[in-house]
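Worksheet: one structure, shown below.
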Amino acid sequence: MSKPVNIGLIGCGFMGRTHSNAYRKVSNFFTTQHRPVLKAVCARNKENAAEFARSWGYESVETDWRKLVERKDIDAIDICTPNNTHSEIALAALKAGKMVLCEKPLSMNAAEGEQMARAAEAAGVPNIVWYNYRRVPAVTMAKKLIDEGRLGRIFHYRAVFLQDWTINADLPQGGTALWRLDAAAAGSGVTGDLLAHCIDTAIWLNGSVDRVSAMTETFVKERMHNLTGKVEKVGIDDACAFLARFKNGSLATFESTRYARGHKAKYFFEINGEHASIAWDLHDLHRLEYFDHRDESQLRAWRSIHVTDGDHPYMGHWWVPGLQIGYEHTFVHQVADFLQGLDDGKPVAPTFRDALETQRVCDAVLESAKSERWVNV
Ligand SMILES: NC(=O)c1ccc[n+]([C@@H]2O[C@H](COP(=O)([O-])OP(=O)(O)OC[C@H]3O[C@@H](n4cnc5c(N)ncnc54)[C@H](O)[C@@H]3O)[C@@H](O)[C@H]2O)c1
């Protein structure tokens, strides 16, 4: 029998749309007893909220998230607002006994994240963080190949996340869409925004990070602030590169910037093991590159696996073999797994506690960049 999960979504921007799309589609493609109901959406502007509710099919609107969190007819709060709001909303939602689905990064820093993880555990309710790249079928398959031991001992992990949208020095900081450039709203720049994704994937695939050595730069030092109307100091890192040692003994490099002219969302990682290597690129997200040294020597080469067959992760739920899916589907997969977790009564990763580990690495990276020293995580 179908069990409704009444969703209360907060924030009608980019992520509000990807999540709403996922809630609408999931039950058409995945069979779970629990199914999401688009009960209410919250935005500060009533007209925006009403328009969003109309276009995505929400039953009602709120303009104050506190009211939404207290509503008896809401089972789960979905946080799609800027980073500086995650903790306050999540703590209130957990206190009200709601399940919480929180956008990444979990928090502004690890101390805040620890409080959130503890509150989630004390509340004993399902909680998850939207590190959606884990659920790209090719990335999920990378995890499977590593867990099967195909790579053997892992020597190297390298990841980049490159963009180019903040090069213009006239771009203001703060407010709608540009909150990412405002340290008070974002916490950090590319470290918490982009590298957090790379770190989450890396911890999932390669285990915990032991220590880091980082450098950051803020190329444009002052920008007009949309909320104050004044030119203000820029407090975020525009670019960050760090070295890391994993607990399994492997060495890693991570790099992210919003100043890599020509790159819009170039998330790439490569892992080199004793027997095999794998590589993945968000710009070609349905492919997993795989090289196995144990192949017959005259045929040995990098294979480009089109991860679209029925026995590839998640793909049996979609079209026919050979037809690919895309970015939006990673969110559908996350909702599907979350609902399956409710059916099974089991937590689904990454929980708040899992995501806290990424937060600790981000904190260590920022501390290392400041002190110009290696920092233990
Ligand atoms: N998982 C991913 O790949 C991914 C991608 C983008 C963003 N994010 C994360 O999602 C979150 C939101 O990012 P976005 O890109 O959707 O931002 P956005 O600017 O597109 O949307 C944010 C929305 O939150 C609303 N908002 C702000 N404060 C609010 C409040 N107090 N009450 C109600 N609504 C409020 C804004 O009006 C806006 O509609 C951030 O934490 C970000 O890091 C994750």
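The values are calculated or read from the model by the stated rules, or taken from the named source; none is laboratory data. This one's a predicted model, so the numbers in the text were calculated from it and none came from an experiment. Methodologically, a virtual Cβ is constructed for each residue, glycine included, from the backbone with ideal geometry; neighbour enumeration extends over all protein chains shown.
The residues in the range 288-334 that are within 20 Å of the chain's Cα centre (by Cα) and of a type in the set (D, E, K, R) can be counted, and the count is 1.
Annotation note: Cβ proximity below 7 Å between a residue of the range 29-54 that is within 24 Å of Pro82 (Cβ to Cβ) and among the basic types (Lys, Arg) and a residue that is at pLDDT 95 or above and not in a loop (DSSP other than H, G, I, E, B) (sequence gap 6+ or interchain) occurs for Lys39/Asn6; Lys39/Ile7; Lys39/Gly8; Lys39/Ser60; Lys46/Val61. Within the range 57-65, the presence of a residue that is touching a Pro at 6+ places or on another chain (Cβ under 6 Å), closer than 21 Å to Val129 by Cα and in contact (Cβ under 8 Å) with a residue 40 or more places away in the chain is excluded. Can you tell me which residues in the range 166-179 are crowded, with 22+ Cβ neighbours inside 10 Å and closer than 16 Å to Lys264 by Cα? The answer is Thr166, and nothing else. Of the residues screened, Arg35 is one that is farther than 23 Å from Ala177 by Cα, in contact with a Ser or Thr (Cβ under 8 Å, 6 or more places away or on another chain), at pLDDT 95 or above and among the basic types (Lys, Arg).
Exactly one residue among Gly187, Gly174 is in contact (Cβ under 8 Å) with a residue 12 or more places away in the chain, over 28 Å from Val335 (Cβ atoms) and of a type in the set (Gly, Ala, Ser), and that residue is Gly174.
Take the conditions touching a residue at least 60 places away in the same chain (Cβ under 8 Å), within 14 Å of the ligand (Cβ to nearest atom) and either surrounded by fewer than 23 Cβ atoms within 10 Å (Cβ to Cβ) or assigned by TED's automatic domain parsing to the domain that holds Glu328 (or both) and apply them to Asn21. Does it pass?
yes
So which residues in the range 187-217 are surrounded by fewer than 23 Cβ atoms within 10 Å (Cβ to Cβ) and under 13 Å from Gln173 (Cα atoms), if there are any at all? Across the range 187-217, there are no qualifying residues.
Scanning the range 298-305 for any residue that is surrounded by 16 or more Cβ atoms within 10 Å (Cβ to Cβ) and of a type outside the set (A, V, I, L, M) turns up nothing.
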